[in-house]
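First up is the structure itself, then whatever we jot down about it.
Where a number appears in this text, it was derived from the coordinates with a stated rule and is not lab data. Here the structure is a predicted model, which is why all the values come from computation and not from measurement. Here the Cβ positions follow ideal geometry from the backbone for every residue, glycine too, while neighbour counts run over all protein chains shown.
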Amino acid sequence: MTVTGSASMPASQTVGKALLMVTAFGWGLNWSVLKFVLQDWPPLFARGTAGLIGALCVALLAIARGDSLAVPKEARTSLVIASAINVFAWMGFTALALNWLKVSEGALIAYSMPIWAMMLAWPLLGARPTRRSLVALGLSITGMVVLMGGPEFSVAKLPGALFALAAAVLFALGTVKARKPLAMPAPAVAAWQVALGCLPMVVLGLTLEQPHITALSARGALGLAYMAIGPMALCYLTWFGALKRLPTAVAATSMLIVPVVGTLTAVPLLGETLGLRELIAIVLTIGGVALALRRDPARRET
């Protein structure tokens, strides 16, 4: 798309950046809020319930906008696969990871997904990594080693690290395999993906976790409401709005704010510590991901 110097373009980008900041803060704060809810309900049931409520909110908004919720026959398989990878695996595995990890640890490992997308694109799409990509990989892996190599990181935290890493790799796989967007309105896609991905979480939660529904405290209920209305509903809409106004590379790179917000909000809200080791890990890992997302000047969007 070629920019012709229209006066409306800067205003559109300003709105896009504002929407992006709302998205990043909403998703980042969600990591700390989820910890509150996990004190009352088990992870799969808690995340799945919030997701279903959020999907209902988005579906109602789509109907109010006049969008159709009908899924074209040719899009059904892709929608189910995207729901399994981008919602069930991402939301479910990251929620499980927080049973063992601090917010800073879980968010940082999970948001390494652009690195794994870059590496998976080699065998799946034939896109060989460049020297810059390998440097980015080295920085991010070093950051995760620093994070996991501290005195606080014991073998007991290994399941959480593996769940967070699995979430990142599977989300990256979904990104690489997504050839083209579904021919549906964005709110309808979000509603169906979240609903289809979260319903199995609720079923598995009821079957395996056997939650005590009445154990949800007032603080947990507020957290659940935030998870449903904020990250699951509002932030999906602000994210799609930002993508309409900003280059994809800019939006993707800006999402590196999410684990930083999650880490910083966990300090006052959860009493988590943020020492020199965590700061070094953040700089290395986020720096590597940012380098991986950086576009080649010759391919920059115009």
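Exposure proxy shown here: for I53, I282, the number of other Cβ atoms within 10 Å sets the order, fewest to most, as I53, I282. Report the far tail of the P(r) of the range 113-247, meaning the percent of Cα-Cα pairs longer than 26 Å. Summing the P(r) tail past 26 Å for the range 113-247 gives 47 percent.
Partner lysines whose Cα lies under 27 Å from the Cα of K177, excluding those fewer than 8 positions away in the same chain, are identified as K73, K244.
Dividing the alpha-carbon radius of gyration of the range 94-160 by the rule-of-thumb value 2.2 N^0.38 Å gives 1.27. Within a straight-line Cα-Cα reach of under 26 Å, K35 can be paired with the following lysines, leaving aside sequence neighbours fewer than 8 residues apart in one chain: K102, K157. In the chain, helices alone account for a calculated mean residue ellipticity at 222 nm of -22500 deg cm²/dmol, with every DSSP H run of four or more residues adding -39,500 (n - 2.57).
For the Cα trace of the range 1-146, dividing Rg by the Kirkwood Rh returns an Rg/Rh value of 1.02.
Dipole size of the range 1-109 about its Cα centre, with +1 on Lys/Arg Cβ and -1 on Asp/Glu Cβ: approximately 40 debye, rounded to the nearest 20. Counted as membrane-span-like here are DSSP H helices of the chain whose alpha-carbon atoms extend 30 Å or more along the helix's own axis and whose Kyte-Doolittle mean is -1.0 or above; these are 8-38, 43-65. In the chain, a dipole from Cβ-located charges (positive for Lys and Arg, negative for Asp and Glu) runs towards its positive end, and of V258, G54, F93 it is V258 whose Cα lies farthest in that direction. Looking at the range 129-234, the trypsin sites (Lys or Arg not before Pro) that sit in a DSSP loop and have at most 10 other Cβ atoms within 10 Å of their own Cβ are R179.
For the pair T142 and Q39 in one chain, pulling the backbone fully straight at 0.36 nm per residue adds 33.9 nm over the alpha carbon distance. When peptides 133-140, 75-82 are ranked by their average number of other Cβ atoms within 10 Å per residue, the highest-first order is 133-140, 75-82. Toward the positive end of the charge dipole of the chain, with +1 on the Cβ of Lys and Arg and -1 on the Cβ of Asp and Glu, the farthest Cα among S133, I213, N30 is that of S133.
Across all C-alpha atoms in the range 22-296, the radius of gyration and Dmax reach 18.2, 55 Å.
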